[in-house]
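Here the structure is laid out as structure tokens; the discussion comes afterwards.
The values are calculated or read from the model by the stated rules, or taken from the named source; none is laboratory data. Given the structure is predicted, the values throughout are model-derived calculations rather than measurements. Note that each Cβ is placed from the backbone with ideal geometry, even for glycine, and that neighbours are counted across all protein chains shown. Ligands, DNA and RNA are excluded from the accessible area calculation, which covers all protein heavy atoms including side chains. Shrake-Rupley method; radii C 1.70, N 1.55, O 1.52, S 1.80 Å.
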Amino acid sequence: MRTVGVIGLGYVGLPLAVAFAQEGCEVIAVDVDSRKVDAIAAGQSYIGDVPSELLGEVAARLHATTRYADLAKADAVLVCVPTPLTPNREPDLGPLIEATRALADVLQAEQLVVLESTTYPGTTRERVAPLLEESGLAAGRDFHLAFSPERVDPGRTDFTLRSTPKVVGGLTEACADRAEELYALVCDHVVRVSTPDAAEMTKLLENIFRSVNIALVNELAMLSDRMGIDIWEVVEAASTKPYGFMPFEPGPGMGGHCLPVDPFYLSWRAREFDMATEFIELAGKVNQQMPYHCVAKAQRVLNDAGLSVKGARIALLGVSYKPGVGDTRESPALKIVSLLSELGASVSYHDPHVPTLSDYGLVSVPLDEAVADSDLVVVVTAHPDVDYELVARRARLMLDLRGVTRSSRLGSVVRL
């Protein structure tokens, strides 16, 4: 029986811990947040992709704790801590460094350590390895070290941890062998690359690809708006080409724990090599401007109806960063709430997955109430199971930022 340690019990770490426990492994799950540890001990999940019932099924093998010392018993330790940005949009490796130093204090010979947290190429080799070697053990000789980027997409059911290919890069061939053997327990397909640096770059490429293409279609959406062209019609028509085109849809901006953050890890790293990553920087700039464009569009919609944004009752439909989940990390809806409030609008919202926005003093109101009591309804996140055509017929004015009313011919409906 294997014993697997997991550091960081968020959207990445907890599903991993549960997956290994399901395969019969003893799992030592470590987090500095005692509230998470207590919730797991009580069988109460705080992650949408991990039902509480599933926690109950693996409770005998999943041991949550705040004690790093318990990791000394693990055969492998997976590091899944946050890697956010500073206010200056530079990498903040504070949580990773703290976790690595704590792990070094209990590191054992022959253990496998795998970093899953998204970061810039070179982090595993240049930052993690030296910190772990403060234990007196040498990476690649006395213990194994690898990088394997997380590919978690909250709320997704068609591609799971098991069915999504897992990229692995080891510090040595033996390190990669150990990591590949471990992940084969919970993943059907392990993709091996030559180094941790290549694995780190792979994750960034995936997210930068999406960021750049989303920025491109968002920029075209702003241009199409000025030219009086329906961008949704254009994207749909372009999608009929059977080769050389991949559709991306415009929207109010990017959210989540990856796209608004990860590309800047590479742009920061590139400066150390006297390289300016202009595509990455420009994509970030365009996508960060989208909430401002959407608020300006809302102002025009109200103005065309003879209404001022100041004092207007505006209801947002959906405030999480993607449909079907309650995750508001980096959600463009939060910026839209702030901007509209600063302009004097009375803002409310409906989101069945986000009961409160405590930082804004708001609670989710029923859909019927949100529609009936508002001068303008704005679709920010298109959650499933909402009849947007019915909302469009009932709303006084509607601004659709997600293209869910493309079939509507109502004059009261305006699209991004």
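How much of the DSSP bridge set in the chain is antiparallel, in percent, rounded to the nearest 5? Write down the numbers at each step before the final one.
Working: 5 of 46 bridges.
Antiparallel bridges: around 10 percent, rounded to the nearest 5.
Once neighbouring chains are kept in place and the probe is 1.4 Å, which whole percent of the accessible area of the chain is contributed by carbon and sulfur? Can you show the working numbers first?
Values: 9870 of 18860 Å².
That fraction is 52 percent.
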- Query: For all pairs of alpha-carbon atoms in segment 1-109, what percent lies in each bin of width 10 Å, listed from the first bin to the last filled one?
  - Reply: 16, 47, 29, 8, 0
- Before anything else, pin down the relative contact order of the chain: Cα pairs under 8 Å, at least 6 apart, normalised by residue count, whole percent. 10
- Sorted largest first, the C-alpha extents of segment 363-411 along its principal axes in whole angstrom are 30, 22, 15
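Once the Cα gyration tensor of the chain is diagonalised, what are the square roots of 5 times its eigenvalues, in whole Å and ordered largest first, as equivalent ellipsoid semi-axes? Before the final figure, lay out the partial values.
Values: eigenvalues 361, 114, 70 Å².
Here the semi-axes work out to 43, 24, 19 Å.
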- Task: Leaving out ligands and nucleic acids, note down the accessible area per residue over segment 151-216 with a 1.4 angstrom probe, in whole Å².
- Result: 46
- How much accessible surface area, in Å² rounded to 10, belongs to the heavy atoms of T123 with a 1.4 Å probe? 0
- Query: On average over all directions, what projected area in square nanometres does segment 203-334 have, based on the convex hull of its Cα atoms?
  - Reply: 10.4
- Message: Given the C-alpha atoms of segment 130-264, compute the convex hull and give its volume per residue in Å³.
- Response: 147
- Message: Please list, by residue number, every one of the trypsin sites (Lys or Arg not before Pro) in segment 283-389 that is coil in DSSP and has at most 14 other beta-carbon atoms within 10 Å.
- Response: K310
- Task: Give a quick list of GluC sites (Glu not before Pro) in segment 227-331 that DSSP marks as loop, anything other than H, G, I, E or B, with at most 10 other Cβ atoms within 10 Å.
- Result: E272
- Task: Measure nothing fancy, just the Cα-based angle from helix 173-183's long axis to the longest principal axis of the chain, in degrees from 0 to 90, nearest 10.
- Result: 60
- Task: For segment 1-111, report the accessible area per residue in Å² (1.4 Å probe, heavy atoms, rounded to an integer).
- Result: 44
- Message: Please compute the Kirkwood hydrodynamic radius over segment 305-397, one decimal place, Å, based on all pairs of different Cα atoms.
- Response: 13.2
- Note on the structure: Expressed in nanometres to one decimal, the distance between label points 7 Å along Cα→Cβ at T157 and A72 is 4.5
- Query: Given just the C-alpha atoms of segment 52-99, how large is their convex hull per residue in cubic angstrom?
  - Reply: 123
